Amino acid sequence: MKKVIAREKLPELWKSLAAKGPLFLPIQEGPVVLFQPWSEGAEANLDAVNTAVSAKDVFLPREETYLQYRCSGNQLELIPVENAEPVIAFGVHPCDLKAVEMLDKVYLDQEPSDELYRQRREKTTVVGLSCREPDPFCFCNEFGINPADAPGADVMAHLKNGLVLLEARTDKGKALLDQAGDLLQDGSDEKFEAAEVKTADFGLNLEGLPENLKERFEDPVWDELYKSCLGCGVCTYVCPTCYCFDVEDFGHEGEGQRFRCWDSCMYGHFTDMAGGHNPRAGRKERVRQRFMHKLQYYPETFNEIACVGCGRCLRSCPVNLDIVQAIKALGGETVEQR
Amino acid sequence: MSSANVLMPQQATILDITEETPDIKTLRVVGKEGMPFDFMPGQCAMLSVPPVGEAIFSITSSPTCRECLEFSIKDVGNVSGALHGLQPGQQIGIRGPYGNGFPIEKMKGKDILFIGGGIGLAPLRSLIGYCFAHREEFGHIDIVYGARSPADLIRKSEVRESWAAEPDTSVYLTVDAEFPDWNGHVGFVPNYVSELAFKPEGRIALTCGPPIMIKFVLQALDKLQFSPEQVITTLEMRMKCGVGKCGRCNLGSVYVCKDGPVFSLDELNALPSEY
């Protein structure tokens, strides 16, 4: 099913879609674009290549309450909290959607599956959006991602000459286009070939990198690489493939709730054990964990590097200790570029 | 929820509490309908005390005990401290079981050497109870157990009387230093293992205790010619999910909560030593 809508009509489409449940869009918030629920008057920005923070929190929210407790005397009541409602995520770029597939492997494919994630994933209709031109930090080509297409999207959207072309690829996608009704025109005659997009060539050579790193846990490179890290954790916060979480209680002895929230391997408390022992006590161990997880541990389990080249850590790290620098320091650089 | 949220605990009740040492208590816990779940020795469970939170503990009872789960818990942190403050009858949250458990198939037909230190006896005790309940499946059983002082030994009467009275079983107790009321062996656990000079032939050694004890026990076993495949230990890490997703307890691509906590020494030697 192929449909088109004029760009200036999009706010009408947002309004129609948002009437049924949360509609996440890249929203301009002052100087940054964030993937957020749209409300009337919000300024959606489909021209931004990447939101400042990835789209992962549609599926793995920053915080998510899943139980309420009530205590009285000896009694403890534990009540599940149902969260997931049908959501539309509109304007997810190919890199972010590829990253969601990487989260799927951990949260869905690896037993036992994570029901909180599964419900959000199943109830979300994803409208992928092709990229027309990369920003200087984009390097998704390195990971075999085509910025013009987002496999896995329920609807694939392309921006073209004042039009938005929408192609439904799944039943969920068809239902979404049906829901929009007369706001959309038939687009079966429109050509959907998006132009090729070339992302930055940082001179990376990823061939064999995960295998090479297997023997390099004790490599002296780690004694140097971590030194500039401030431990701020922004890399994990903006990263679409980071998925670690914390579980905490909030409330008092009478009642309260338990929630999970994003956590970061860059923080010391992350692995701090009762009794005081901490297996990743220093920044060296934590920087090593983050990069080894992306480049060796995740690939060992799931056969692909846990990076999609979205460029967010390049943009955000205050000391430029981003994944490109790490890959280069670890030998993943093409010889010609040296 | 349509399907089970793996993070959702079930309600459980503390049946009774035994004070083992000045900082260790054993809690007996039942679910709403008896046993909260089935498990194997070496597996763990998450215990919840809202609003303090949730933490992971090894199950110390044997799966052959069908009345309840037992947890021997040292007061070292927030949740363990909160558990120490509870009274019998109090309800808590529980979920599990987590982890791989001890390699019972690999142990069958072998002589078994248990080496525990302090609270490290807790996970071993589950397996010791299992071995006694399936006595014909295992050879001679040796149990070396030590603590800083006589007051720090847990399950004292059980170890001294019940275990020592089991057929084809030897129990060796030791404490780190001389104490007025102690007339047993004095010395560190690893040294005692060396003195006792266990033969590696046809034997599996399982050890758990403080990291420093484990380190020297492994050296002692190496000197006694035990091969890494014959030596088994169980690790502790900070954990939040118990199912290999929250990202804390990994050694390389292996998650201690899911792929461990029990590892043979040859498995551990192949992993980053980040524990």
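Rule-based calculations on the coordinates, nothing more; no lab input. Owing to the predicted nature of the structure, the values given are computational and were not obtained by experimental measurement. Every residue, glycine as well, gets a Cβ built from its backbone with ideal geometry; the counts of neighbours run over all protein chains shown.
So here's what we get for this one:
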| quantity | calculated |
| --- | --- |
| Dipole magnitude of segment B:104-234 about its Cα centre (Cβ charges: Lys, Arg +1; Asp, Glu -1), debye to nearest 20 | 240 |
| Degrees between helix B:211-223 axis and first principal axis of chain B (Cα, 0 to 90, nearest 10) | 40 |
| Rg to Rh quotient for segment A:205-251, alpha carbon positions, Kirkwood Rh | 1.11 |
| Shape parameters for segment A:78-152, alpha-carbon atoms, Rg then Dmax in Å | 14.9, 50 |
| B:LYS199-A:ASN205 FRET efficiency (beta carbon distance; Förster radius 45 Å; 0.05 resolution) | 0.30 |
| Number of partner chain Cβ atoms within 10 Å, mean per residue of B:247-257 | 6 |
| Contact order relative to length of segment A:209-337, as percent, for alpha carbon pairs under 8 angstrom and 6 or more apart | 31 |
| Whole-angstrom gap from segment A:141-209 to segment B:232-275, using each part's C-alpha centre | 40 |
| Within 10 Å of each Cβ in A:268-281, the average number of Cβ atoms from other chains | 5 |
| Bins of 10 Å, starting at 0 and running to the largest distance - Cα pair percent for segment B:104-234 | 13, 48, 34, 5, 0 |
| Per-residue mean of C-beta atoms belonging to partner chains within 10 Å, peptide B:4-15 | 5 |
| Percentage, to the nearest whole number, of Cα pairs in chain A over 39 Å apart | 20 |
| For segment A:73-117, alpha-carbon Rg over 2.2 N^0.38 Å | 1.72 |
| Computed E for A:THR65/A:ASP219 - FRET, C-beta separation, R0 35 angstrom, nearest 0.05 | 0.25 |
| Inter-label distance for A:ASP47 and B:LEU86, nm, one decimal - labels placed 7 Å from Cα along Cα-to-Cβ | 5.9 |
| Contour minus Cα-Cα distance for B:ALA151 and B:ARG135 (0.36 nm per residue) | 2.8 nm |
| Estimated 222 nm signal from helices in the protein assembly as shown, with DSSP H stretches of n ≥ 4 weighted -39500 (n - 2.57), rounded to 500 | -5500 deg cm²/dmol |
| Mean separation of Cα contacts under 8 Å, 6 or more apart, over the residue count of chain A: relative contact order % | 21 |
| Whole-number percent relative contact order across segment B:47-175, with pairs defined as alpha carbons under 8 Å at least 6 apart | 24 |
| Two-decimal Rg/Rh across the protein assembly as shown, once Rg and the Kirkwood Rh are taken from alpha-carbon atoms | 1.04 |
| For chain B, Cys with no neighbouring Cys Cβ under 4.7 Å | B:CYS44, B:CYS65, B:CYS68, B:CYS131, B:CYS208, B:CYS249, B:CYS257 |
| For q = 0.16 Å⁻¹, Debye-computed log10 I/I(0) when each Cα of segment B:51-164 counts as one equal scatterer | -0.86 |
| Rg to Rh, two decimals, where segment A:2-186 supplies the alpha carbon set and Rh follows Kirkwood | 1.02 |
| Chain B: translational diffusion in µm²/s, Stokes-Einstein, Kirkwood Rh over Cα pairs, 10 °C, 1.306 mPa s | 83 |
| Proportion of all alpha-carbon pairs of segment B:10-98 beyond 14 Å (%) | 59 |
| Computed FRET value (nearest 0.05) for A:SER188 with A:PHE302, which takes r as the C-beta separation and R₀ as 60 Å | 0.95 |
| Largest-first principal axis extents, alpha carbons of segment A:209-337, Å | 65, 32, 31 |
